[in-house]
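Peer 1: Got a structure for you, written out below as structure tokens; questions coming shortly.
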Amino acid sequence: MTTRDEPVTFKVKVNLVLVPVVVRDAKGNAVGTLRQEDFQLFDRGKPQTIKHFSLETAETRAAKAQAVSPESAGDKTAGKEAPAVPQRFVAYVFDDLHLNFGEISQSRTAADRQLSALRPTDRAALYTTSGRNMVEFTDDAAKLHEALFRIMPQSELTGAMQCPNWGYYLADLIEKEVGDIDHPTPAVQEGIDQAKRCPEFTPPNPMRPGQPPPNTLRIGQLHMIAERIISLNEVETRSALDLVKDVVRRISALPGERTIVIASPGFLTPNREQELTEIVDRAARSNVVINTIDARGVYNVGFDASDNSGRPPSPTKMMFDRAGASAQAAVLEEWADGTGGRFFHDNDLDGNFRRAAAVAEYRYILGFSPQNLKMDSGFHKLKVVVKSPHLSVQARHGYFAPNAVADPAEAARQEVEAAMFSQDEIHDIPIDLRMQFFKTSDMDAKLSVVVRMDLRKLPLRRADERNCDNLAVFAAAFDSNGNYVTGKGQTIELRLRDDTLARLASGISIKNELDVKTGNYLVRVVVRDAEGQLMAAENKAVQIP
């Protein structure tokens, strides 16, 4: 039996596609009585075999929290209050690049009510798409409150292009359709009509003072205006997508129940469909729920604050504004549907923030392995059906195929990563977890994490008169805010004769030693065997005074 240290690095791809699903009745209530056989899952119209099925409920989450019992580590913490282990993480994302002042002001007030009521096991973080006024996960409600009310609109479009205020949707149409300016499409004509009201693009009409000549704008000017608006919007869209991608990556590395709440008016994402799907895919794999709030509420289209003419908006302008507003909201709906979350778009901001920060009462996780999957990065549309016509289904829309075959070793690391950054107990392999620590200085300590297991429970492979298997044993420590602190792993290579295996009938102990500071920690241990691909995972809380 030999051992070697393994660096704790997690980077993997697997072919298992996870599909979070929330099923609701006619009144909008989540349904939690369905079984695996009640679902049908289709990939590009072809039925798939559901290989993984689980149901998340309030009871399963409570059981998960109860499983994290405080570890006394001998008698060194006897008589001390057990540390409050973080169980739930909520990341609030404010899209300050697309929200106006009124929308931000109302959203801040609604969010503050939720942040002021954090429980001892809750941690919240505050992020903005501009990257300003952000706070990492904490239980300090005062710190979150202070940063929250510093959030202000940050869009360059506010001052850079007030007139004409075409918006991304109309500007994109004009850029694509502008041609013969004397025979314009409806979108181009609407752009011309709005630009005529702007002094920058309207020379005086000597024949009729105070009125511009018809169609004095040239194609080049229309292109210039459109490209300017499109360029600024694309910069802000890229920033928003990058921020959400980083938040998903950040919260995925936390051990517990994880929710992202995004407050935004939505934004257009042409040619960025793969980025959107990658965000959903990463969140779904990590069991991260994204709830989205259209901070405009029930919005009115057509009004333009930059138009001082006093004239009511034209029906054409209202038509394009309505189409643009609907297209903006699509990204919010896709993120929510794809992760088992909810998309809120009414005027009840207080209620929406409260419901968005909560977890769906029932959420199913379906998993399947695509058959004959081509590694071509192609998009696969998904459809989930339940056998009752009176129920509605909310599920992810699709996924992109990988562009290379996953290496088996990397696939194993994916499993270890998924198990490490959760709090689910896994008992495929029976293990017993113990911890001890000794302080090396007033602030430093060594934490010994000992895993004991019965080798007879392993699916050992017989080869050359020996009993063979490889065990990967990882231990990691997370601080009181759920941040990863340190970790260590070993690979145990078992090549045991029968008599040796008999002598080890009572089990073996494997120790990982972690260097930590004084404080409260959640320790997570994951064990995986190579032969049967069985796993074990357990949590313990420890306080080092």
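Peer 1: In region 106-130, which residues are modelled with pLDDT under 90 and under 18 Å from the mean Cα position of the chain (by Cα)?
Peer 2: Within region 106-130, just Asp122 meets the criteria.
Peer 1: Step by step: first the residues of region 469-500, then only those that are more than 37 Å from the chain's Cα centre (by Cα) and surrounded by 16 or more Cβ atoms within 10 Å (Cβ to Cβ), then the one that is farthest from Asp139 (Cα to Cα). Which residue is that?
Peer 2: Leu496
Peer 1: Can you tell me which residue is surrounded by the fewest Cβ atoms within 10 Å (Cβ to Cβ) among those in region 117-135 that are hydroxyl-bearing (Ser, Thr, Tyr) and under 18 Å from Leu97 (Cα atoms)?
Peer 2: This residue is Ser130.
Peer 1: Could I ask something else about it? Could you please tell me which pairs satisfy a Cβ distance under 7 Å, a separation of 6+ or placement on different chains, a first residue in region 178-197 that is closer than 14 Å to Met224 by Cα, and a second residue that is at pLDDT below 80 and β-branched (Val, Ile, Thr)?
Peer 2: If the second residue must be at pLDDT below 80 and β-branched (Val, Ile, Thr), the pairs left are Val178/Ile219; Val188/Val178.
Peer 1: Sticking with this one: So Asp479 fits all but one of (1) under 24 Å from Leu458 (Cβ atoms); (2) out of contact with any helix residue (DSSP H, G or I) (no Cβ under 6 Å at 6 or more places or on another chain); what number is the exception?
Peer 2: All conditions pass for Asp479, except number (1).
Peer 1: Here is a further query. In region 473-490, is there at least one residue being acidic (Asp, Glu), over 16 Å from Ala541 (Cβ atoms) and assigned by TED's automatic domain parsing to the domain that holds Glu513?
Peer 2: No, region 473-490 contains no residue that is acidic (Asp, Glu), over 16 Å from Ala541 (Cβ atoms) and assigned by TED's automatic domain parsing to the domain that holds Glu513.
Peer 1: Restricting to region 100-136, give me the number of residues that are in contact with a helix residue (DSSP H, G or I) (Cβ under 7 Å, 6 or more places away or on another chain) and assigned to a strand (DSSP E or B).
Peer 2: Number satisfying all stated conditions: 4.
Peer 1: Exactly one of these conditions fails for Val93: (1) at pLDDT below 95; (2) of a type in the set (A, V, I, L, M); (3) surrounded by 14 or more Cβ atoms within 10 Å (Cβ to Cβ). Give me its number.
Peer 2: Failing condition for Val93: (1).
Peer 1: Could you list all residues from region 506-520 that are small (Gly, Ala, Ser) and either assigned to a strand (DSSP E or B) or more than 30 Å from Phe437 (Cβ to Cβ) (or both)?
Peer 2: Within region 506-520, Ser509, Gly519 qualify.
Peer 1: Just the residues that are in contact with a strand residue (DSSP E or B) (Cβ under 8 Å, 6 or more places away or on another chain), of a type in the set (S, T, N, Q) and exposed (fewer than 15 other Cβ atoms within 10 Å of the Cβ), please, taken from region 349-379.
Peer 2: Scanning region 349-379 gives Ser369, Gln371, Ser377.
Peer 1: Then there is this: Among the residues of region 521-542 satisfying the criterion of being over 27 Å from the mean Cα position of the chain (by Cα) and assigned to a strand (DSSP E or B), which is farthest from Tyr484 (Cα to Cα)?
Peer 2: Asp529
Peer 1: Here is a list: Leu496, Leu522. Which entry is more than 23 Å from Ala412 (Cα to Cα), modelled with pLDDT under 90 and in the same structural domain as Val451 (by TED's automatic domain parsing)?
Peer 2: None of the others qualify; the one that does is Leu522.
Peer 1: Turning to a different aspect of this structure: Among (1) modelled with pLDDT under 85; (2) in a strand (DSSP E or B), where does Ser480 come up short?
Peer 2: (2)
Peer 1: Are any residues in region 253-290 polar (S, T, N, Q), under 28 Å from Glu103 (Cβ atoms) and assigned to a helix (DSSP H, G or I), and if so, which ones?
Peer 2: Matches in region 253-290: Thr277 only.
The values are calculated or read from the model by the stated rules, or taken from the named source; none is laboratory data. Since we're looking at a predicted model, the values are computed, not measured. Quick reminder, even Gly has a Cβ in these numbers, built from the backbone with ideal geometry, and neighbours come from all protein chains shown.
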